[in-house]
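> Sharing a structure, written as structure tokens. Questions coming.
The values are calculated or read from the model by the stated rules, or taken from the named source; none is laboratory data. Here the structure is a predicted model, which means the values were calculated and not measured. Heads up, the Cβs are rebuilt from the backbone with ideal geometry, glycines too, and the neighbour counts pull from every protein chain shown.
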Amino acid sequence: MNNEDLYWLAFSFVRGIGAVRFRKLLHFFGDLSRAWTADKAELITAGLTDKAADLVLETRKVLDVKKIQTELSNKGIQYLTWNSHGYPKYLQEISQPPPILYYKGTITTADDLAIAIVGTRNVTKYGKQITKDTAAYLAGNGITVVSGLARGVDGIAHRAALETGGRTLAVLGSGVDVIYPPEHRQLANEIMKSGAIISDYPPGTKPDGINFPPRNRIISGLSRGTVVIEAGERSGALITAKFALEQGRDVYAVPGSVLSQMSKGTNNLIAEGATPMTNPAIITEAMNLKGEIDRPKRERIVLTSNEVNILRVLGSETMHIDEICAKTSMEIEKLTADLTMMELKGIIERDGGMEYRRVQNWDIG
């Protein structure tokens, strides 16, 4: 750690000093070590408000800059600044990227190929299965799955990526040493082994509602595109989608029942122009990533016993859902969910309203 880095870290502990004010200080003082020792008048002349200047002076009184390096090392925390060689490529391209990223784990160039998966905490059975299948598909193809470690869709996406042997990044609305929600501590530990937990908030920062919208901006900024699985009309996942659009990134939304509260947000996104995500292969095709990933082989797809049963019933014929239901003796709700998952896996396709057929040449062995 060089001496100037210490002052970048020091300013990250000052609440309210974000990318815009970092740039003002750098422009005026030339380096942040000079800014750290400036008096209030100089800080205001540099472009800080009276309140922000006071916060700098107050933090300076209680923060021992020389101890920062030791404290980070003791906690296993690493960091990247705008000047760091390993700063994430796509995050660097957004307007006002975070000046500092704290992280535990590893951030590599492999993470330049990343997709965010976000959605509601109150995920339905339908949403759980789609999240798991989508994350597994992406991770299995070498695409890093980015999410926010929250309950619901986020946690399911991280776990599915890990179970597939892929990489995943979790962006927090707290310090990387303050895992929230607490029941995801073990999950966070596993993520550090195959990716990283990341935050632009300094160590020790507690989770706070105002921290999460900026966190969502980093999630979308790290990613080439954002998939919204399920979201109510006021879901935080919609904020992530909004940031993705502002950053010029693709937005995908999983369509759902018009009767489901958890699909209102995603259905609205589709109505506003988001790409309907009915099969995760749509993502790789739309983003023209064919040369960057290994396409999955059909024999790698794992089928449940119900899916095998459905395929055997279908044979090579197109069949209405009512007939499939009668021949499989499955409950209609379970059958509908399984058919949807099979569409996502690319092994069946819908022909018209409620008629299905096996994808040509798909062999269950």
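> In the range 297-318, how many are at pLDDT below 70 and either among the charged types (D, E, K, R) or crowded, with 17+ Cβ neighbours inside 10 Å (or both)? Give the derivation first.
Going residue by residue through the range 297-318, those that are at pLDDT below 70 are 297-302, 316.
Add one more test, that the residue is either among the charged types (D, E, K, R) or crowded, with 17+ Cβ neighbours inside 10 Å (or both), and what stays is 297-301.
Residues flagged as at pLDDT below 70 and either among the charged types (D, E, K, R) or crowded, with 17+ Cβ neighbours inside 10 Å (or both) within the range 297-318 amount to 5.
> A further question on this structure: Looking at this structure, is G175 touching a Pro at 6+ places or on another chain (Cβ under 7 Å) and at pLDDT 95 or above? Break it down stepwise before answering.
Details: touching a Pro at 6+ places or on another chain (Cβ under 7 Å): yes; at pLDDT 95 or above: yes.
Here the answer is yes, as G175 does meet what is asked.
> Scan the range 61-101 residue by residue and report those that are under 16 Å from the mean Cα position of the chain (by Cα) and more than 20 Å from T226 (Cα to Cα).
If the condition is that a residue be under 16 Å from the mean Cα position of the chain (by Cα) and more than 20 Å from T226 (Cα to Cα), then L101 is the only one that fits.
> Quick one: which residue in G221, G273 is out of contact with any helix residue (DSSP H, G or I) (no Cβ under 6 Å at 6 or more places or on another chain) and either at pLDDT 90 or above or farther than 30 Å from V176 by Cβ (or both)?
On the way: G221 fails: out of contact with any helix residue (DSSP H, G or I) (no Cβ under 6 Å at 6 or more places or on another chain).
Selected residue: G273, the only one of G221, G273 that is out of contact with any helix residue (DSSP H, G or I) (no Cβ under 6 Å at 6 or more places or on another chain) and either at pLDDT 90 or above or farther than 30 Å from V176 by Cβ (or both).
> Would you tally the residues in the range 126-167 being in contact with a Lys or Arg (Cβ under 9 Å, 6 or more places away or on another chain), of a type in the set (A, V, I, L, M) and over 24 Å from V178 (Cα atoms)?
Count: 3.
> Just to be sure I understand, how many residues within the range 241-258 are in a loop (DSSP other than H, G, I, E, B), farther than 21 Å from T340 by Cβ and either out of contact with any Phe, Trp or Tyr (no Cβ under 9 Å at 6 or more places or on another chain) or among the hydrophobic types (A, V, I, L, M, F, W, C) (or both)?
1
> Could you check A136 against (1) modelled with pLDDT of 95 or more; (2) touching a helix residue (DSSP H, G or I) at 6+ places or on another chain (Cβ under 6 Å); (3) closer than 20 Å to H184 by Cβ and say which number it fails?
With respect to (1) modelled with pLDDT of 95 or more; (2) touching a helix residue (DSSP H, G or I) at 6+ places or on another chain (Cβ under 6 Å); (3) closer than 20 Å to H184 by Cβ, A136 is out only on (1).
> With respect to I130, is the statement that it is assigned by TED's automatic domain parsing to the domain that holds S260 and touching a residue at least 40 places away in the same chain (Cβ under 8 Å) true? Step through it out loud before you land on a result.
On the way: assigned by TED's automatic domain parsing to the domain that holds S260: yes; touching a residue at least 40 places away in the same chain (Cβ under 8 Å): yes.
Yes.
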